[in-house]
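Here's the structure, in structure tokens; my notes come after.
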Amino acid sequence: MTVLVAYASALGSTKEMAQHVASRMAGVLGDVECRAVAEIESVTGYEAVVIGSAIHNQAWLPEASLFLRRHAPGLAKRAVWAFSVGMADALPKPFRKRAAAFQQERIARVLSKEVPLRAHRVFSGVYRPSQMSAPLRALFHLSGGRFGDLRDWAAIDAWTDQMTAQLAHTEPSPGSTTT
Ligand SMILES: Cc1cc2nc3c(=O)[nH]c(=O)nc-3n(C[C@H](O)[C@H](O)[C@H](O)COP(=O)(O)O)c2cc1C
């Protein structure tokens, strides 16, 4: 089974998560490629695709949205999962779960208009003080916000294992490797 893990990352945290997902899947499924969306000419030859993008301004990075739109006909014939990387866990504690659920629902709705998804997950990424202006930074800190590497690797592994288990039990579809 050949699986593509495609990513769009501005500062590198989504890329590292995609590489981690790909290498964990490869341990079970064998042939898994991890590539930046901008490098991918075609999804022909892949039986399943996982696409991850950093969230900027409540949306996927433009190159990830473009990838989805451009390859929508090919992706529609394959099993597709998506993940988004944001900063919900950087928010003051009472808002974290609600913010992640809101983003998960909202972004999935936008993505599903392009391609049917098996599932979509929002994970927190890396949030640095330099990503906020000085006055906002002070306010954010005072209200209980936090900075740092907020990636939950156990949750990422669990999600990866769910996708892997589904693919391990799927017979390759005849059309998926040729078109
Ligand atoms: C300009 C900018 C805008 C951002 N906008 C959002 C946002 O709207 N929602 C969110 O949850 N996170 C937002 N973030 C946080 C990033 O998604 C988070 O830092 C993520 O780890 C970035 O992934 P990357 O390292 O792959 O670029 C933003 C970060 C930057 C730099």
Angle in degrees between helix 153-168 and the longest Cα principal axis of the chain, rounded to the nearest 10: 20
Helical mean residue ellipticity (222 nm; -39500 (n - 2.57) per DSSP H run of 4+; nearest 500) of the chain: -13000 deg cm²/dmol
Run the quick spin-label model on Ala72 and Ser42: label points 7 Å from Cα toward the beta carbon, then report their separation in nm to one decimal. 2.1
Expressed in angstrom and ordered largest first, the alpha-carbon extents of region 33-92 along the principal axes are 44, 19, 19
Straight-line reach from Lys113: which aspartates and glutamates have a Cα under 19 Å away, not including same-chain ones fewer than 8 places off? Glu63, Glu105
Share of Cα-Cα pairs in the chain beyond 22 Å, whole percent, is 44
Can you tell me the dipole magnitude for the chain around its Cα centre, using point charges on the Cβ only (Lys, Arg +1; Asp, Glu -1), in Debye to the nearest 20? 800
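All of the numbers you see were taken from the coordinates with simple rules; none came from a lab. Small disclaimer: the values here were computed from a predicted structure and weren't measured. So basically every Cβ, Gly included, is an ideal-geometry build from the backbone, and we count neighbours across all protein chains shown.
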